[in-house]
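One structure is given below, encoded as C-alpha cells.
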Protein chains: 6
Amino acid sequence: MTSPELELTHCIEFSSAHRLHDPALTDAENAKLYGPCNNLNGHGHTYRLEVTVRGCVPRSGMIIDLNVLRVIMHEEVFDHVDHKHLDKDVAFLAGRISTAENLALAFWERLAPPIEKRGGGQLVRVRVYEGSDSFVDCFGV
Amino acid sequence: MTSPELELTHCIEFSSAHRLHDPALTDAENAKLYGPCNNLNGHGHTYRLEVTVRGCVPRSGMIIDLNVLRVIMHEEVFDHVDHKHLDKDVAFLAGRISTAENLALAFWERLAPPIEKRGGGQLVRVRVYEGSDSFVDCFGV
Amino acid sequence: MTSPELELTHCIEFSSAHRLHDPALTDAENAKLYGPCNNLNGHGHTYRLEVTVRGCVPRSGMIIDLNVLRVIMHEEVFDHVDHKHLDKDVAFLAGRISTAENLALAFWERLAPPIEKRGGGQLVRVRVYEGSDSFVDCFGV
Amino acid sequence: MTSPELELTHCIEFSSAHRLHDPALTDAENAKLYGPCNNLNGHGHTYRLEVTVRGCVPRSGMIIDLNVLRVIMHEEVFDHVDHKHLDKDVAFLAGRISTAENLALAFWERLAPPIEKRGGGQLVRVRVYEGSDSFVDCFGV
Amino acid sequence: MTSPELELTHCIEFSSAHRLHDPALTDAENAKLYGPCNNLNGHGHTYRLEVTVRGCVPRSGMIIDLNVLRVIMHEEVFDHVDHKHLDKDVAFLAGRISTAENLALAFWERLAPPIEKRGGGQLVRVRVYEGSDSFVDCFGV
Amino acid sequence: MTSPELELTHCIEFSSAHRLHDPALTDAENAKLYGPCNNLNGHGHTYRLEVTVRGCVPRSGMIIDLNVLRVIMHEEVFDHVDHKHLDKDVAFLAGRISTAENLALAFWERLAPPIEKRGGGQLVRVRVYEGSDSFVDCFGV
C-alpha cells in the first residue's frame, strides 16, 4: 500500500527595498504602468515567503525535515534578499522587474532543486506576500 | 515557450448586517435550521473577501494590475455591501439566503466578467471569511 | 513582602448588527454625523472584546481563574450581544448610541462587579475592537 | 442544472504536549533525527486545526451546518487532544509518531466518516498548524 | 458629573524603504552600529502605525470622528511616507536617522496639533511596527 | 533639554509542555483548582513572549540595540524553555507552578538585570501569551 501524499508549508519573513521600473519604457510609461511602485527612490515591504513541499510520509513521520527546509529557504532566498535592495543587491533577480510574481518565479527556480535533492520532497507552491492583503502563488516554472 | 500561470490574491474587509431566514419555511423551522443566525433583528460580521486571479506573467511582471483588481472589487462588491444590511440593501442578493456560501456565489458572478474583461486574467477563487474561524471558497459557478 | 500586581487579559469574539443613530437629531444631521454607520437598515461587525484584570498572584499562581473570567464575560456580555442587534435586542444598551466607546462603557459597568466579587481581581481595562484596524479602551467609569 | 461545489472551512485551536521519538531507534538516532523535538520530557504547541468540507449548496444555502461540523471536530478531535499529551493520552494516536503529518492523517481518518454521514459533505482537506509558521495539509488517506 | 476618559486607536499600514546611516560616523562605525540595517542600497518594511487619542465621550458617543482621525493620519503621515524612501523623499524626516524610535517621534510632532485642533481629543500614543515582531511606543515629545 | 522616553517591544515564540499541579494539594484539590491544566501527563502551548524596554533616544536613534535585546531574550529565556517541559527541564522555574503569571514573574527576574547592564534601557513590561486569546502582563517584581 502506498502512503498518501501530504504537504508541509513553512513561512519566513524578510525586509527589502525595491522599485518597479522597466528600463525599456520611458519614465512617463513607467509612472503610468507602476504608479507609486515606480517611485524614483524606491519603497519597501516586509515580505512573507511560504514554501510548500509535497511527499509521502515515511516511517519518521516527516515529509521533509523542517530544519532542512528552513536551511534551504535561508540559503537560497533569505540570505540574499533580507535587508537588501531587490533590484540592486540580488544577483539572481538581475534583469527581472521585482513584482511579487517575478519574485515567486525566481524563488521557485532556486528552491526546487535543493528541496528535491537534499529534502527528498517535491516543491509544489511558492507564495509571496507583499503586506497582509496581497499575495502571489507560483505552482511551477 | 509559454510562461507558467501564477495566481494573485487580494483581500478586503467589509462590515455588514444580515439574517438567515428562508421565507418558504415557518418561523419554527427557520429557528431550528439557522439557530442564532435567524435572530429576528439580525446580526453582523466583519467579512473578509479574498479574490484570486490566474494568468501568465507578461513583460510587466504583473498578472493583473493590482489597482485594477482593487477597483473591480470595490465597484462590484464593497460599494454595495459595506455598512449595509445584506438582505435589505443589496439588489444583487435579492432572493438569496445570505450564507457565506451564497455570498461567495453572488460575488463570483459579479467579479468574473470585469476581471476577464478589464484585467485580462481569470477568476479562479472567491473566499469569504465570516469572522476569523470560518470561510467559504467558491471555484466557479 | 507583598507580591507584585500582574494583569491577565482574555479575549472573545462576538457578531452583532447595529446602527449609529441619535433620535434627538434629524435624519440629515444623523447622516452627516455618522456617515455610512447611520445606514437605515444597519450594518454589523465581528467585534473582539478584551478584558484585563489586575491582582496579586496568590499561591495558586493565578490572578483569577481564567475559567471564571470566561464565564463572567459570557454571562455578562457575550450571551446578550452575540448574534443580536445591539440597538434592538440588548436591554442594557437601551438609550445608548452603540459606538465602540459606549459599548466599552456599558461592558465595564456589567463586568466590574462580578469580576471583583467572584474573581477577586480588579477590572482595569475593557477593549472593544470593531474590525482589525480600530479599537477603544475604557479604564473605568 | 447542477449547483457548483463550494468548500467550507472551520478552524479550532487545541493545546497539547508531545515528543517525537521512534522506539525502534536508539536514543542517539532519535536525537539526531528529531533534534529538540526529541526532548526527553517533551514539549508542546498551541495547534490549529482547519477542516475543509466540499459539497453543493442546497436551498438552505449551507454546504454543511457549521454547528454540526463544529460538534464533529470537537467530538472526534478536540475532546481527545486538548490539554492532553498526544503520545500518552490519545488512544487513536497509539503507535504513531506525533508529527504534524501523522496528526493530520489520524484526524482525517476520524473526521471523514461522520462528516459524510452526519453532515452530508465530503472532507477534502485537514490542515494542522504547529505554531504560526508551519502547517501540514492532508487531502486524503 | 464628568464622563470618564476613553481611548480610541486606529491603525494603518504603509510600505517604505530606508537605511540606517549616521553621516557623522565612518562607514565601518555605521556597519558595526546598524548591522544589516546599514546596507548601502537600503532595505524596507511594511510598517504599521497605530495612533491613540484620549478624550471624554460626548453625546455622539465618539471621542473623535474616526473618519477625521483617518484623514489626519493620511494627510500628516501616510501621504508622505507610503511607497517612498524615508531618508530621501520625506522632508519632515530630514536629518533624522530613520529608526522606528525616530519615526514615532516625528509622527507625534505632526499628528498632535491637528488631532487636538480638528478632532478635539488628545494624542496619547503613537506606535510604529517594523514587521510583526517589533514595535516602538511614543507617549509624548 | 531631555529627550522623551520611548518604549521598544520585541516578541518571540517558544513551544513548551507543562502541567499545573501544586504538590501541597491533594490530587482531587489539584483537579478542581486547575481543571484540564492539571492533566497527569501534561499539555503544551506555543507561547509568545513580548518584552518592553523603556529609555531615552540617543543619537543612534535606538533605545536599545534590537539585536542585543534579542540575544538577551534568547539567552535568558528561549534557550531554557523552547522545546522543553517547563516543570521538569527549567532550573529557574523549580518550585513555581508554571502559570503564565509565574512565567512572567520568572522571566522578569532573569531579563531585567542584563537589559539594564548590557542594553542600557529599563525593562517595563513582560507579556506572556498562552495561545492567541489570553495573556499576562508583569510590570515589575
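Per-structure values
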quantity	calculated
Value of relative contact order over the range A:4-48, rounded to a whole percent, pairs C-alpha under 8 Å and six or more apart	52
Inter-chain Cβ neighbour average for residues E:80-89, partner chain, 10 Å	4
Whole-angstrom gap from the range E:63-141 to the range C:114-140, using each part's C-alpha centre	27
Prolate/oblate/rounded call for chain B, Cα gyration tensor, a/c under 1.5 rounded	prolate
Test item: Cα-centred dipole of the range B:16-55, Lys/Arg +1 and Asp/Glu -1 on Cβ, debye	220
Within the protein assembly as shown: Cβ-based charge dipole about Cα centre, in debye rounded to nearest 20 (Lys, Arg +1; Asp, Glu -1)	0
Expected 222 nm ellipticity per residue - DSSP helices of 4 or more, -39500 (n - 2.57), all of chain D, to 500	-6500 deg cm²/dmol
Environment charge of F:Leu69, counting only residues whose C-beta is closer than 14 Å and scoring Lys/Arg +1, Asp/Glu -1	-3
Distance between the range D:1-60 and the range E:1-35 - C-alpha centres, whole angstrom	38
Qualifying aspartates and glutamates (Cα of each under 17 Å from Cα of C:Lys32; at least 8 residues distant if same chain)	C:Asp22, E:Asp65
For A:59-72, mean number of other protein chain Cβ atoms within 10 Å	4
Prolate/oblate/rounded call for the range D:60-141, Cα gyration tensor, a/c under 1.5 rounded	prolate
Sequence of C:Lys32, D:Lys88, E:Lys84 when ordered by accessible area, the most exposed leading, probe 1.4 angstrom	C:Lys32, D:Lys88, E:Lys84
The protein assembly as shown shape via C-alpha gyration tensor axes, a/c threshold 1.5	rounded
Closest approach to the axis - chain E beta-carbon, rotation onto B, Å	E:Glu13, 6
List of the range F:98-114 residues, accessible area with partners at least 10 Å² below that of the chain alone (1.4 Å probe)	F:Thr99, F:Glu101, F:Asn102, F:Leu105
Protein accessible area in the range C:44-133, 1.4 Å probe - carbon and sulfur %	47
Peptide-level mean, for B:43-53, of C-beta atoms on other protein chains within 10 Å	6
Rounded accessible area per residue of the protein assembly as shown, 1.4 Å, Å²	40
Among E:Gly131, E:Ser98, E:Pro113 the positive-end extreme of the charge dipole of the range E:90-132 (Cβ point charges)	E:Pro113
A versus E: buried accessible surface, summed, Å² (probe 1.4 Å, to nearest 100)	1600
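The values are calculated or read from the model by the stated rules, or taken from the named source; none is laboratory data. Predicted model only: the values in this text are computed from it and were never measured. In this analysis, Cβ positions are derived from the backbone assuming ideal geometry, glycine residues included, and neighbour counts consider all displayed protein chains. Keep in mind that these areas ignore ligands, DNA and RNA; they rest on the heavy atoms of the full protein, side chains included. Shrake-Rupley method; radii C 1.70, N 1.55, O 1.52, S 1.80 Å.
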